[in-house]
Each structure stands twice: as C-alpha cells, then as structure tokens.
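Structure first, commentary second.
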Number of protein chains: 2
Amino acid sequence: MKTQFYGASSLDGFIATPDHDLGWLLQFGEVEGSSYPAFIRDVGALAMGSHTYEWMLKHAIDAGQPWPYAQPAWVFSSRTLRGIPGADVRFARGDVQPVHQAMVRAAAGRNVWVVGGGELVGQFYDAGLLDELIVQVAPVTLGTGAPLLPRRIKQPAALRLQSVATLGGIFAELRYAVQRP
Amino acid sequence: MKTQFYGASSLDGFIATPDHDLGWLLQFGEVEGSSYPAFIRDVGALAMGSHTYEWMLKHAIDAGQPWPYAQPAWVFSSRTLRGIPGADVRFARGDVQPVHQAMVRAAAGRNVWVVGGGELVGQFYDAGLLDELIVQVAPVTLGTGAPLLPRRIKQPAALRLQSVATLGGIFAELRYAVQRP
C-alpha cells in the first residue's frame, strides 16, 4: 500500500493555469500507452483539494458527465461544498494525518491517491505520508499557474528517480520514490 | 547546425534558487553517463545572460578555476562587465537576432548553445531561433526561483518530445524539438 501523487504537469512545473484552465493538457486527448488504467486499478481511496473538486463539479458533473471514481474520495475544504448524488464523496478539513488513516482503512491494502492540487500534496509530504510521485510531463510551458508541489525538497535522497518513460510519444512520465522527511 | 538550450532544471521548473544558489544541483556531482561531453563537442558558440556570467565569475573564475569554454561566448548585458584574460568572451546587448547571426558564423556548422538564464532562452524562442530544448530534470523541487523558460508555449506541436533517458539513475533527460513560433 502506497500513498501516491499521480498527475500531469507542464515542463515548467505547473498543474494548471492561473484561471484553472486545463485546455493545454486536454488537447492531447487520451494518449496511447497511458499508465492510468493500471494505476487506477490499484487505487483504493482518493484525496483532493477544493479547487480540484470544484473544477470537476463544473467541467464534468455540471456538463452531464458521471463522477469518474468508484473509490471513496475525500475532499479537503474549509468551506461547505455540495455533494454529488451517487458518488462516495466525503468532506474533510484540517490535518491530513487522521484523514489519511481513514483513507488507508477504506483502501484495504490498495493505494491512496492524492489527486491534487499541489498544496494538498505538499501537506501529505510534510506529514511524512507521501511514498511516490508519478508525473506526466506535458510538452508545454505555462510560465505561471498552480504549482506541482510548492515545497523545497532538495536533500540528495529525498526523491529517488525510479523510472522514465514516454507515453504516446507526447508525455514523459517520471516516477519518484519519496523519502519521508 | 542547431540552436539549443541544454541545462538542468528542478522537477518544478526552476534553474536556480532566488539567491542564485546551485547547491541543489552541484550536490549530485558528475553523474555517470552524462550527456555533456558529447553535447559540448558539437557546440561552436555560446550565449549567456549577465546573471549566468556573473555566477561563473564569482564561483569559478574568482575561485581560481579556468574559464571552461574553448568556444567564443557572447554575454548579453545592458551593463559593462569585466572580461576574463585568455577567454573569448564577447559582450552584446539588445536584439538577439543579429548576435545569433554572428554566433552561427563563428560556430561554422557546429551548434549554438544558449546556456541561460530562462529569459534569454525565451528571447531566442520569441525570435524563432530555438531548435532544441535538452533538460536534465533533477530529483529536487525548489518551490520558487529562476524559471526554466518564462513563456507560455502550449500549441500542441510547439514542443515535440524526442527522447527521455536517465542519467546515472538521478536525472531524467528530456529532449524536445522546438517548432518555430
């Protein structure tokens, strides 16, 4: 069982534009050889921040698409957000540690996926709960936006490169094992 | 003959900390399987910005190390900077286009290397002069600092991934062909 960040980034380290537009990413569509089907099969619980959740409400749910996850999803927010009928969405706030314990129990041996944004990934890192970073680097620079991981992690063995691969000749997928700080 | 950026970046897209410290990078030393010897052999002229040059003055030349390049190097600066005895350093300012023409002539069929910083790389990109980006992604996040390439380049074919490789099991080297804007 691992706690993982898995997601796309621009070459210059942003996961979204300042106005939360994902067009730069979605333009590539589903790439051949995507690692997502194998990845999501092993996920037993998800965590996301309120911006990520609200992006999905607006761009997926309100556009008539189904909630994409069968696994229980925890949404971290200090605000009260609406749920989604038929979706196992649980709201949380504050320290990630006790919520992570509940996620691990729910995952029952499968992995915990911290979907994003970067600040939430950083909170899991700070708490010593992050085991892996799996980043699909898109062939794009954004110049500014929401950062992948707004932390300074520069000890020599903090992130250990496990593998690199190309996905569909478009994305470079980098996998890192995270040493707990 | 190509005009190339070649250099290291943190995973979150920075080439230096805000105080121009490179300790996060230099801690890894010379990695096994470095692509640098083969790269520099094909370089016939270099360009760098004033911050990069002043970093080298302070950390290499003033520390008693020799200037590392046999090729002519153009330093872009609006200020008057000191030269280095025995080094072929030429100062330039303003538009990169005419300087690039002089560099191409000097390179005599070999490549032109835009060493950095990111703003100078961006100026070569803006002028339609950049052919390749070769980035060694270090297993480090900096959170803030000098950006790799402070531009928004998000057209789907603007950057085409040519290859990915690991260097010494530490760096992920990503190579992109750049479509002129």
How high is the FRET efficiency from A:Q162 to A:A102, r the C-beta distance, R0 22 Å, rounded to 0.05? 0.20
GNM flexibility winner over chain A from A:E132, A:E32, A:E119 (Cα, springs under 10 Å): A:E32
Put a point 7 Å out from Cα along the line to Cβ at B:G33; what are the distances to that point in the other copies, in nm, shortest first? 1.7
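When the helix-only estimate is applied to the protein assembly as shown (DSSP H runs of n ≥ 4, each -39,500 (n - 2.57), divided by the residue count), what is the mean residue ellipticity at 222 nm, nearest 500 deg cm²/dmol? Don't jump to the answer; show the numbers that get you there.
Details: 10 runs with 82 residues, N = 362.
Taking each H run of at least 4 residues, the total per residue is -6000 deg cm²/dmol.
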Cα→Cβ-extended label distance, 7 Å offset, between A:Q179 and B:A177, nm: 4.0
Starting from the Cα of A:K2, draw a straight line to each of the aspartates and glutamates and keep only those under 13 Å, dropping any in the same chain fewer than 8 residues away. A:D42, A:D131, A:E132
Using only protein heavy atoms and a 1.4 Å probe, how much accessible area in total is buried between B and A, to the nearest 100 Å²? 2900
Tell me, how many Å apart are the Cα centres for segment A:119-142 and for segment A:1-23? 8
Please state the equivalent ellipsoid semi-axes for segment B:1-150: what are the square roots of 5 times the Cα gyration tensor eigenvalues, largest first, in whole Å? 22, 18, 17
Could you give, in nm with one decimal, how far A:A177 is from each other copy of that position, shortest first, with labels 7 Å out from Cα toward Cβ? 3.7
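Please give the charge dipole size of chain B, origin at the Cα centre, charges +1 on K and R Cβ atoms and -1 on D and E Cβ atoms. Round to the nearest 20 debye.
On the way: 15 positive and 15 negative charges, 121 e Å.
Computed charge dipole of chain B: roughly 580 debye.
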Per-copy distances of the A:R105 label point, shortest first, in nm (7 angstrom along Cα→Cβ): 7.6
For segment B:42-176, what's the relative contact order in percent, using C-alpha pairs closer than 8 Å and at least 6 residues apart? 24
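Going by accessible area, probe 1.4 Å, with all protein chains left in place, what is the ranking of A:R105, B:R160, largest first? Let's see the in-between values first.
Details: A:R105 165, B:R160 115 Å².
My answer, sorted largest first, is A:R105, B:R160.
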Between A:S77 and A:S34, what FRET efficiency comes out of the Förster formula 1/(1 + (r/R0)^6) with R0 = 22 Å and r the beta carbon distance, rounded to 0.05? 0.15
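Counting only heavy atoms of the protein chains, get the accessible area per residue of segment B:83-181 (1.4 Å probe) and round it to a whole Å² value. List each step's numbers first, then the result.
Working: 3980 Å² over 99 residues.
That works out to 40 Å² per residue.
Give the carbon-plus-sulfur fraction of the accessible surface of segment A:13-92 in %, rounded to a whole number; probe 1.4 Å, heavy atoms of protein chains only. Before the final figure, lay out each step's value.
Values: 2260 of 4210 Å².
Within segment A:13-92, the accessible surface is 54 percent carbon and sulfur.
The values are calculated or read from the model by the stated rules, or taken from the named source; none is laboratory data. Since we're looking at a predicted model, the values are computed, not measured. Note: ideal-geometry Cβ built from the backbone for every residue, glycine included; neighbour counts use all protein chains shown. Accessible surface areas use protein heavy atoms only, side chains included; no ligands, DNA or RNA. Shrake-Rupley method; radii C 1.70, N 1.55, O 1.52, S 1.80 Å.
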